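Have a look at the structure below before the remarks.
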Amino acid sequence: MRLLRRALLGLLVLAVAAAGVGLYFVAYPNLPEYQAPEALHYLDQWSDADRQRYYYTPQGTQVKGLEYDWFSALERPFSREKLAAPEYLARFGFLVDPRQRPSEQNPGNLPVGFARHEDDESGRAYLDVSCAACHTGELRYDGQAIRIDGGAAMHSLASTVPTLRGGAFGQTLGMSMAFTYYDPFKFRRFAHEVLGGNYERDRDQLRRDFKQVLDRLLGTAYNDWHRGLYPTEEGFGRTDAFGRIANTVFGDAIDPANYRIANAPVSYPQLWDIWKFDWVQWNGSAMQPMARNIGEALGVGAPLRLLQENGQPVPEAERYASGVRVRDLHQLETTLMRLAPPRWPEPPARRNRPGAGQPRPCALPGELRALPRAAAQAGRPPLRPGARSRMAHAGDPHLGGRHRPNRCRQHRRPPLRPQPPRLDAG
Ligand code: HEC
């Protein structure tokens with residue numbers, strides 16, 4: 001009997017130690033140090049007003065219902081420092097300008113793409129992750145930073161699945177919220193900051209609302225983990241956007257039977273010139289820009305309600321309502337039409353190569369040849385030869401295949417003029 005008790009005690013100690021180690025790594029995420037650049041240079045890609053509009057126009061997403069002011073007031077676990085301090089969020093790869101100050105568009109002084117929207121019905125303001133968070137890049141050289149608007153993000157945003165390596169924003173946010181909720185001193189400081197003079201009156205309500213969001217965040221982490229939905233580490237600079245969108249929209253919002261393993265994280269594509277493409281996404285699957293944007297916004301967390309409390313579908317006419325901000329999406333899309341690709345400061349050093357300057361015939365990669373058939377099967381119009389899409393640039397993106405200028409013969413066609421996507425609704 002005593003032996004059994006000892007064995008059980010031993011197991012308990014081991015379990016607590018393992019949980020403690022896990023918690024330690026999640027609470028102290030393993031992140032690179034942030035070094036502020038000596039100077040941040042913006043390129044001549046568009047106007048300052050367009051840049052700010054792109055950075056901080058919301059699209060209707062929510063981070064599980066996290067309010068904007070809550071995010072600004074959260075402290076890190078085991079620390080009184082703020083989670084949303086620009087130099088801390090920069091360690092996850094989010095982009096900040098060392099000179100940035102709170103502004104009307106960015107009152108919380110948050111990184112690029114951390115926008116804010118007010119819910120029309122409740123009047124509450126939510127944190128809203130927008131396009132620019134994932135589609136803005138920055139290069140560093142010799143202490144200088146060069147901002148590439150519309151370029152690839154290098155952050156570690158999406159992962160909710162706790163790993164001992166830590167380093168993902170989702171986990172750190174969950175931990176900060178858990179510590180704030182369960183540590184009464186932390187919660188008191190937090191509630192004072194959020195509620196100000198209404199502390200006494202609204203404290204209990206705030207605690208209940210906060211717990212709901214925390215439960216949703218932890219519930220998602222548990223769901224992703226126990227179903228093994230994201231077995232491939234996404235890390236910095238990659239996410240399985242398609243898999244995540246599909247699991248959110250078809251799994252969370254409709255039926256758990258729709259969950260699929262998402263094991264194909266990809267890099268964040270650049271957005272200049274996308275309006276010239278007939279087909280976008282790495283797999284060449286999206287054609288209508290606003291439909292693409294709405295799907296993305298739903299996947300990134302714009303609220304959608306397809307089921308009633310009793311699990312039955314809502315009436316058909318109500319299925320279109322969602323938190324997606326269609327007009328703001330349209331504005332983001334049309335603003336992106338004015339984004340110029342970044343210009344390399346020197347002419348390319350390949351002038352003297354034999355055959356340089358001659359248009360070369362375009363190799364038609366296998367996938368591209370198969371595409372018209374696949375599209376026809378899916379009931380979509382086939383890709384015309386010479387149509388612009390990701391597939392026409394097929395090749396390993398990391399080897400620069402997609403950066404090749406469109407010099408091959410079949411790409412020649414008259415220059416395109418921007419035609420804003422139509423916004424017929426209402
Ligand atoms: C959470 C990160 C995230 C956000 C927010 C986001 N995107 Fe993306 N976007 C991605 C990733 C990742 C891909 C590549 C996915 C793939 O093709 O598999 C992508 C692909 C695209 C593409 C296809 C580009 C091409 O060359 O094929 C377009 C266009 C695009 N996004 C536009 C937008 C716009 C506009 C918004 C805002 C309205 C937005 N994205 C918001 C991550 C994001």
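Volume per residue, Å³, of the convex hull around the alpha-carbon atoms of the range 13-124?
Numbers: hull volume 16.4 nm³, N = 112.
Hull volume normalised by residue count: 146 Å³.
Could you tally the net charge around His117, taking each other residue with its Cβ under 12 Å from the Cβ of His117, Lys/Arg +1 and Asp/Glu -1?
On the way: positive: Arg116, Arg124, Arg325, Arg327; negative: Glu67, Glu118, Asp119, Asp120, Asp128, Asp328.
Summing Lys and Arg as +1 and Asp and Glu as -1 gives -2.
Mind listing the long-range amide H neighbours of Leu95? Cut-off is under 5 Å, sequence gap 5 or more, other chains count too, H placed in the peptide plane at 1.01 Å from N.
Val112
Kindly write out, for the range 39-46 in residue order, the coupling ³J(HN,Hα) from the Karplus curve 6.51 cos²θ - 1.76 cosθ + 1.60 (θ = phi - 60°), rounded to whole Hz, with x marking Gly and Pro.
Couplings: 8, 10, 10, 9, 8, 8, 9, 5 Hz.
Loop only by DSSP, 15 or fewer other Cβ within 10 Å of the Cβ. Give me the chymotrypsin sites (Phe, Trp or Tyr not before Pro) in the range 271-333 that pass, ordered by residue number. The partial results should precede the final answer.
On the way: sites: Trp272, Trp275, Phe277, Trp279, Trp282, Tyr320; in loops: Trp272, Phe277, Trp282, Tyr320.
Here the chymotrypsin sites (Phe, Trp or Tyr not before Pro) that fit, given the DSSP loop and packing criteria, are Tyr320.
In whole Hz and in residue order, list the ³J(HN,Hα) couplings for the range 232-247 that follow from phi through the Karplus curve 6.51 cos²θ - 1.76 cosθ + 1.60, θ = phi - 60°; x for Gly and Pro.
Ordered by residue, 3J(HN,Hα) equals 9, 4, 8, x, 7, x, 9, 7, 8, 4, 4, x, 5, 4, 4, 5 Hz.
For the range 35-336, please report how many Lys pairs fall under 24 Å Cα to Cα, leaving out neighbours fewer than 8 apart on the same chain.
Values: Lys64/Lys82; Lys64/Lys186; Lys64/Lys211; Lys82/Lys186; Lys82/Lys211; Lys186/Lys211.
Taking the range 35-336 as the scope, the lysine pair count is 6.
Would you mind estimating how fast the range 81-210 diffuses translationally, via Stokes-Einstein at 4 °C and 1.567 mPa s with the Kirkwood radius over Cα pairs, in µm²/s? Present the calculation step by step, with values, prior to reporting the outcome.
Details: Rh = 16.7 Å.
It diffuses with D of about 78 µm²/s by this estimate.
Determine, for each peptide in 118-126, 4-12, 262-270, the mean count of other beta carbons within 10 angstrom over its residues, then list the peptides with the highest first.
On the way: 118-126: 12.7, 4-12: 9.7, 262-270: 17.7.
Ranking the peptides 118-126, 4-12, 262-270 by packing returns 262-270, 118-126, 4-12.
Taking the Cβ of each residue in Thr335, Thr239 as the centre, tally the other Cβ atoms inside 10 Å and list the residues starting with the fewest.
So the residues, fewest neighbours to most, are Thr335, Thr239.
Mind ordering 92-102, 290-300, 178-188 by average Cβ neighbours within 10 Å, highest first?
Details: 92-102: 16.9, 290-300: 19.7, 178-188: 15.4.
Sorting 92-102, 290-300, 178-188 by mean packing, highest first, produces 290-300, 92-102, 178-188.
Give me the percent of Cα-Cα pairs in the range 35-336 that sit more than 34 Å apart, rounded to a whole number. If you can, show how the numbers build up before the last one.
Working: 9058 of 45451 pairs.
Of the Cα pairs, 20 percent sit more than 34 Å apart.
Picking from Ile261, Tyr56, Cys134, whose Cα lies most toward the positive end of the charge dipole for the range 35-336 (charges on Cβ: Lys, Arg +1; Asp, Glu -1)?
It is Ile261.
Read-outs: derived from the displayed coordinates by stated rules, not from any lab. Because the structure is a prediction, the values reported are computed rather than measured. Virtual Cβ from ideal backbone geometry, glycine too; neighbours counted across all protein chains shown.
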